[in-house]
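Since the structure comes first, as C-alpha cells, the remarks are kept for the end.
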Amino acid sequence: MNDSAHPEVVVPYEHRQSAHCESGVISGLLRHHGLEMSEPMAFGVSAGIAYAYLPFLKFGGLPLFAYRMPPGHVIRWLTRRLGIRMRMQKFRDPAEGTRALDRHLKEGRVVGVQTSAYWLSYFPPDMRFHFNAHNLVVYGKRGDQYLISDPVIDILVECEVEALQKARFARGVLAPKGLLYYPEYIPPKVDLRRAIRQSILFTTGMMTRVPLGFMGVRGIRTVARKVRRLDPQNEHYNRLLLGHMVRMQEEIGTGGAGFRFLYASFLQEAAALLDKPGLVKIAEELTAVGDEWRRFALNAAKMCKNRMALDYALLADQLLLCADQEEGVYRRLRAEVK
Amino acid sequence: MKKEEIPQQNAKAFMGHSKLLYAVDDQGRYVPAPCNGWEAEEIVLDQAIAEYVRLAEDAWRRAKAGAASTLEYHMYRQRMDLTLLAQTTGFFKWRVRRDLRPGALPKLSAARRSRYADVLGTPAEELDRLPDRP
C-alpha cells in the first residue's frame, strides 16, 4: 500500500462514554485541552435542559417534543459562559471539508464534527435515523477509515471516509454543512460558580416564567391537554404520537427521563461548588420527577403495544404531575441561587 | 432512579452495545451507569421502524401494480417521507410530490435523478427497480 496515500494519524484522546452527544463531545474536547469537566457540568452550565412542544415542526408527520434546548446550544452557551473561544468551520464543498479535517488531524488536533446519524456506518442499523445534529470526535485516520470517539457509544469506532463525508454534508433541517470545531482559547482560570448561577437563573426562568404555552412547564401542561383530548378514532396515529414522545424522552441520548437525571447530577455537583447544601435536596426532588417521567414512558410504551389498555386520561394526569412537580423544583432552585 | 434499578433488558437494536444513563448509587450520589436496553425504549423503537417498513411494503405493492412510483418505495425504505425528501434534496415539496407520481420518474433529468439517488444513497439506475420482496 502506498504510504503517502494512506498515512496513519492517531492523536491520543481519552474516550469517555456520555449520555448526550453534544455535552459529551464538548466536555471531552475541554478535558483534552486540560480543562477537566464532567458531562453533567457541561450540560448544566450551558443550561441545556428545557421542555418545548413545537407542533409546527414535523418529524415523520409528528410534532416535535424537545426535552432540551436546540442543537448547538450546549456548545455555544457553555463556552460563552466560561469565556472559551471555539474555532468553528463550515464548508460549501464536501471534498474541501474532508481535506480540512485531514489537515487538522495531521497537525495533531482532534476535532468535533456535526453529522447526520443516518449515514454513520458504525451505528447499529436500527438506531439510524435522519437526524442531522449528531456530534462526535475524530481523533485519527487509518487507511480509508476515520478513527472516531462517538460519545454515545461505549467503545471507539471507525467510519469510512466516504460515509463520514456523506454524514457531515447531509442536507435538510439542521444541516451540518461539514461543521467542525475545537477550542481555540481556554482562559487559565474559569469562573464556574458565576457560570453555574447564571445558567440556573436562565433555566429556571425559561421553565417557569416564559408566558408561552409551548415552553417550559406550560408546555408540559399543553401536551397533557392534547393527550387527554386525543381522538379515540385515530388509534394508529395516537400510538405513533405516544411512541414518538417516549423516543424523544428516552432514546435520543438523554441520560434517562429526558435529561432530568443528567440535570439532577449537575445540581449535586453544583451544591458542592457553590457550597449550597439546599441544592442536594432539590436534586433529589428532580430525581423523583425523573422517575415519574420514566413511569409515564413505560405506561405510554405499553399502551403502544397493547400490553395495557389505551388510557389517555391516565397519561395526561401523569404529565400534569410531572409539570406540577417540576414547577416546584425550578421555583425552589431559583430561590436558592438568587 | 437507583443504579441497581436501571433496566438491563438486552435490546437487540443495541447489538451488544450499551448506552449511558445517570443514576443514584447507594450513597445517594449520581454516577454514570450503563444500560443495555429497556422495554419501553425497545417498544417505541420497534414501532418507529415498523411504521417505515409498513409504508415501504405498501408502496412496494402499489408500485408493483403500477399505482405508485418506485421512488416512493425507495424513499420509505431509507426511513424518509415526503417532507424529509424535499428538505434533503432541496427541491420544492410540490415538485417532489409531482416526481412521486407513477410514470414521472423515467422522465426526470439526469441531474434531478442523481440528486434523488444521492440523498437516498442508492445508485441512480436502481431508483426505477424494485427488489423481489419489499
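Each value in this text was obtained by applying a stated rule to the coordinates, not by laboratory testing. Note that the coordinates shown come from a computational prediction; the quantities given were computed from them, not determined experimentally. For neighbour counting, all protein chains shown are included, and Cβ atoms are generated from backbone atoms with ideal geometry for every residue, glycine included.
The angle between the Cα long axis of helix A:21-32 and the main principal axis of chain A comes to about 50°, on a 0 to 90 degree scale. Straight-line cross-link reach from residue A:106 at under 17 Å between alpha-carbon atoms covers these lysines, not counting any fewer than eight positions away in the same chain: A:141. Proximity of backbone amide H atoms, modeled 1.01 Å from N, is registered between residue A:86 and A:184 at under 5 Å, excluding neighbours fewer than 5 places apart on the same chain. Exposure proxy ranking for A:207, A:308, B:15, based on other Cβ atoms within 10 angstrom of each Cβ and starting from the fewest, stands as B:15, A:308, A:207. The modelled label-to-label distance for the pair residue B:128/residue A:58, using points 7 Å beyond Cα in the direction of Cβ, is 3.1 nm.
Net charge dipole, region A:128-272: roughly 860 debye, given to the nearest 20, about the Cα centre with Cβ charges of +1 for Lys and Arg and -1 for Asp and Glu. Where the alpha-carbon atoms of region A:191-318 are placed on the principal axes, they occupy 55, 30, 22 Å, in descending order. At an R0 of 45 angstrom, the distance between the Cβ atoms of residue A:14 and residue B:82 translates into a FRET efficiency of 0.55. Radius of gyration over Kirkwood radius for region A:111-198, both on Cα atoms: the Rg/Rh ratio is 1.07. Taken residue by residue and averaged, Cβ atoms of other chains lying within 10 Å of the Cβ of B:74-81 number 2. Measuring spread by the Cα atoms of region A:143-236 yields a radius of gyration and Dmax of 21.6, 61 Å. Estimated purely from DSSP H runs of n ≥ 4, each contributing -39500 (n - 2.57), the mean residue ellipticity at 222 nm for chain A is -15500 deg cm²/dmol once divided by its residues. What the phi angles of region A:167-181 give under the Karplus curve with 6.51, -1.76 and 1.60, with θ = phi - 60°, is a coupling list of 5, 6, 10, 4, 9, x, 4, 6, 3, x, 6, x, 3, 10, 7 Hz, glycine and proline written as x. Rounded to the nearest 500, the helix-only mean residue ellipticity at 222 nm of chain B stands at -14000 deg cm²/dmol, with each DSSP H run of n ≥ 4 adding -39,500 (n - 2.57).
Quick one: of A:226/A:302; A:302/B:64; A:58/A:90; B:64/B:107; A:58/A:338, which pairs are farther than 29 Å apart, Cα to Cα? Beyond 29 Å between Cα atoms: A:302/B:64; A:58/A:338. In terms of Cα to Cα distance under 17 Å, which aspartates and glutamates are near enough to residue B:12, apart from those fewer than 8 places away along the same chain? Correct list for residue B:12: A:126, A:154, A:250, A:251, B:39, B:41, B:42, B:46. Potential lengthening of the chain between residue B:93 and residue B:36 amounts to 16.6 nm, from the contour at 0.36 nm per residue minus the alpha-carbon distance.
Legend: ranking of residues A:75, A:148 from fewest to most surrounding C-beta atoms inside 10 Å; resulting order A:148, A:75. Scanning residues 5 or more positions from residue A:111 or on other chains, those with amide H under 5 Å from its amide H are A:138, with H placed 1.01 Å from N in the peptide plane. Ordering A:196, A:26 by the number of other Cβ atoms within 10 Å of each residue's own Cβ, fewest first, gives A:196, A:26.
A crude spin-label estimate for the pair residue A:126 and residue A:309, with each label 7 Å from Cα along the Cβ direction, gives 3.0 nm.
For region B:6-134, a simple Cβ point-charge model (Lys and Arg +1, Asp and Glu -1, everything else neutral) yields a dipole of about 920 debye relative to the Cα centre.
Each principal axis of the Cα cloud of the protein assembly as shown was taken in turn, and the coordinate range along them, longest first, works out to 69, 64, 40 Å. With the simple model of a label 7 Å out from the Cα in the direction of the Cβ, residue A:335 to residue A:85 spans 4.3 nm.
From other protein chains only, count the Cβ atoms within 10 Å of every residue's Cβ in B:94-101, then give the mean.
Neighbouring Cβ atoms belonging to other protein chains average 0 per residue here.
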